[in-house]
Structure formats: structure tokens, C-alpha cells
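Asks: One structure coming up, written as C-alpha cells, with questions to follow.
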Amino acid sequence: MRRLNRKKTLNLMKELDAFPKVPESYVETSASGGTVSLIAFTTIAFLTIMEFMVYRDTWMKYEYEVDKDFTSKLRINIDITVAMRCQYVGADVLDLAETMVASADGLIYEPVMFELTPQQKELQRMLQLIQSRLQEEHSLQDVIFKSAFKSASTALPPREDNSLQTPDACRIHGHLYVNKVAGNFHITVGKAIPHPRGHAHLAALVSHESYNFSHRIDHLSFGELIPGIINPLDGTEKIASDHNQMFQYFITVVPTKLHTYKISAETHQFSVTERERVINHAAGSHGVSGIFMKYDISSLMVTVTEEHMPFWQFLVRLCGIIGGIFSTTGILHGVGRFVAEIIFCRFRLGSYRSTSVPLPDGHTSNHLPLITENSIH
């Protein structure tokens, strides 16, 4: 009984086999078939390798939503060098809520030399080159996101100032926490003092001849500090052409959640527009000499997620490649053989002309002679 059940099961499985079976006597090998098979296998191998490279690669997905977080503080990371002595300049933040954040809350004033060392100049040129390429090819930002925490820090190497030279510049670096509203971070002449109607700077004791707001922005970012991320103003250097000159940066900050296979952080991206002008009250150009960074917070939040092709999708695409190439090459080979047979048959038929065969009764026959194997040979 068990053997009968096994035979029935085996017969049932044979009946369910839907794959066509070609008898071996019907299979004919040829040089053209072997050539087509070789081309098909080569193409499959090449496309399989390319598909595997696509499977290994990742891409960044961008999603947008309304930012509902208005109560948290915004962190500003600053590293700016101004070509003036530290006792002559002051930095602070004043937002639209009339809240003043003094530089003493988190910034350090460090006397340095404005001229960079050769090693520092090399890094600055590299940053400027990357910035110019980012403006032309925005897709490079995805590469920067994916390489976060893996690349070296974008900060300048340690300064190697000669102790015998008197520092002629002031490096202002550190971080400040401000409200998530539009504000103005500025560096101008004199230290900032609180005022009931705003704030003021003690600039009366500084002569105009000592004004020099040539500056270099080694780093400026908003939110969590992420090593390896290059921001739009990193490596920027401005040289003042006049003592009374104003440099303005209009910044739009976009809250960003970054989720990659390496890190998960909440940071901020920003875009910037630059403007500079000489202060000349006689010519109608009014204002205060200094460096002004006016920032505004976007109401939208961007979520950047690194995605990867699922393994099942890779298998489906791979099966499609293999099956498609086999089917396509088989069809092309069949069509090619059919066309070749038609052409060669017409050529052979045209080689046999109509001949006259004499008959015993004196008549002639115009019929084609019977083609036999001996006549062919």
C-alpha cells in the first residue's frame, strides 16, 4: 500500500511538472548557438556584477514636515578669526524677542596671528574647493551625510604661532544657546553692554584707523556638532578694503534629523546669502562696521534617512536579468536562423536552372531533374 501511495504521489508530481521537456534527439548543437550562449553568459555575468554594486550602494531619502518644537534652545557653534585685537571687538546675539545672549556665556576670545601656517592654508584651500563643487553638484551633499563621523574633522590644525610675534587677531570660538526665533549674531567694535532698550557696544575708545574686519570663518553650524559635516561658510575668508566696512550674512536655518547606518543625530542645515559694503554716511551708506549674521528659522523640518535595497528585491531583479537575457537571446537566435535559412534556400534554388532533357521519342522535357544525394555531391 505504501508503494502504491508513493507511485501515485510521484505520478501526480510528474503531471504537475509544467516545464517543457525536449527530447535529446531534437537538440542540435551548432557554432551559432554556442556563440549566442557565450554572449548570453557574458552579459549575465556583467549585469549581475553591476546589480550587486547597486545592491551594496545606499541613497538618501528626504522627507519634509512641519517643525513643532518651539520651546527648545538652538545651539550655535562658532569659530571665527577677526583681524583685530581681542580688547577691541565684542560678539553677542540679539533675537526678535529682545533677548540678548552675551559672548561670555560660551565664547572664548583667543589672541592669535591672522596669517595661517602652510598646513592650515592647505586645509582652507581644500574646504574652498569643496564648497565650490557643492554649489555646482548638490548631490555631493549625500556623500557628505553618509561619510559623517568617518572622515577627519574639518577644523583647522592647531595653530603654530611664533611666540616672538605679537598676536594681531582674535579667534572667537565656542558655542551659544539661543531661542528658536530669528536673531542676529554680530561681531563689532567694543564690548557689548546690556541696555534697557536693547544693547550697545563701547566703541568710543577705539580709533577708526584700527578698524579691520577682515575675517576667516573656520566653522559655523547650528545644532548638534557632527564631525565630518561641511557647512556652507566653512573656510570662508573675507579681506576688508576699508576700515569702515560691513559684512552681512543672511542665513536660513532648516532643522534636520539625520539617520544613517553610522549615526542618528538632530542637527540643522542652512543656506546663506552674502553682502558687503563700505560704510560712508556722506554717500548714503549708513550702518555700523562689523560682521553681522542674521539668521531665521524655517518652519519646515527635513528628515534625511539612508536607505538600502532589500535583499528580496535584489533577488527579484537578478532573476529578471537572467530570465530576460535567456529569453531575448533565444528569440533573437531563432529569428536569425529563420532569416538565414530563407536566404540560403533561395540561393540554393536559384543555382538549379531549367534544363532540356531529350526523350527516346524525340521530344524534350523542360522539368527540373530530380535532386538526389548523388547529384548534390
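Asks: To the nearest 0.05, how large is the calculated FRET efficiency for I108 and T303 if R₀ is 51 Å and r is the Cβ-Cβ distance?
Replies: Efficiency, rounded to the nearest 0.05: 0.90.
Asks: Follow-up. Students sometimes get this wrong: rank M50, M100 by accessible area, probe 1.4 Å, all chains present, largest first.
Replies: M50, M100
Asks: Residue by residue, what Karplus-based ³J(HN,Hα) values in Hz, rounded to whole numbers, does the range 265-278 have, using 6.51, -1.76 and 1.60 with θ = phi - 60° and x for Gly and Pro?
Replies: 8, 10, 9, 9, 9, 7, 10, 9, 10, 9, 7, 9, 7, 8
Asks: Go ahead and run the numbers for FRET between A340 and T42, Cβ-Cβ distance against an R0 of 25 Å, rounding to 0.05.
Replies: On the way: r = 23 Å, r/R0 = 0.90.
Result of the calculation: an efficiency of 0.65.
Asks: Continuing with this model, one more query. HN-Hα J couplings of the range 86-94 from phi, Karplus 6.51/-1.76/1.60, θ = phi - 60°, integer Hz, Gly and Pro as x?
Replies: Once rounded to whole Hz, the list reads 4, 6, 9, 10, x, 10, 6, 10, 10.
Asks: For A31 and H243, compute 0.36 nm times the residue count separating them, minus their Cα-Cα distance, and round to one decimal in nm.
Replies: Values: separation 212, 0.36 × 212 = 76.32 nm, distance 8.49 nm.
Stretched out fully, the A31 to H243 stretch lengthens by 67.8 nm.
Asks: Under a point spin-label approximation (7 Å from Cα along Cα-to-Cβ), what is the Q119-S285 distance to one decimal in nm?
Replies: 3.9
Asks: How much accessible area does T252 have with a 1.4 Å probe, in Å² rounded to the nearest 10?
Replies: The value for T252 is about 60 Å².
Asks: Further, regarding this structure: So what does E63 come to for accessible area, using a 1.4 Å probe and Å² rounded to 10?
Replies: 90
Asks: Over 24 Å between Cα atoms: which of K73/K257; K262/K294; K121/K257; K238/K294; K73/K121 fall into that group? Could you put the intermediate results ahead of the total?
Replies: Numbers: K73/K257 16 Å; K262/K294 33 Å; K121/K257 33 Å; K238/K294 17 Å; K73/K121 35 Å.
Going by Cα-Cα distance, K262/K294; K121/K257; K73/K121 fall outside the 24 Å limit.
Asks: If F46, F52 are ordered by their accessible area, calculated over protein heavy atoms with a 1.4 Å probe, which sequence runs from highest to lowest? Walk me through the numbers before you get to the answer.
Replies: Numbers: F46 125, F52 95 Å².
Output order, biggest surface exposure first: F46, F52.
Asks: Once you have the Cα-Cα distance between L205 and Q87, take 0.36 nm times their residue separation minus that, and quote the gain in nm to one decimal.
Replies: 41.4 nm
Asks: Go ahead and collect, in residue order, the members of the range 229-248 whose backbone nitrogen is under 16 Å from a label point 7 Å along the Cα-Cβ direction of N184.
Replies: Those under the cut-off are 245-248.
Asks: Moving on to the next point. Provide the gained length on full extension for the span T328 to K262, in nm with one decimal, where the gain is 0.36 nm per separating residue minus the Cα-Cα distance. Could you put the intermediate results ahead of the total?
Replies: Details: separation 66, 0.36 × 66 = 23.76 nm, distance 4.22 nm.
Length gained between T328 and K262: 19.5 nm.
The values are calculated or read from the model by the stated rules, or taken from the named source; none is laboratory data. Values in this document were obtained by computation on a predicted structure and should not be read as measured data. In this analysis, Cβ positions are derived from the backbone assuming ideal geometry, glycine residues included, and neighbour counts consider all displayed protein chains. The accessibility values were calculated without ligands, DNA or RNA, using every heavy atom of the protein model including side chains. Shrake-Rupley method; radii C 1.70, N 1.55, O 1.52, S 1.80 Å.
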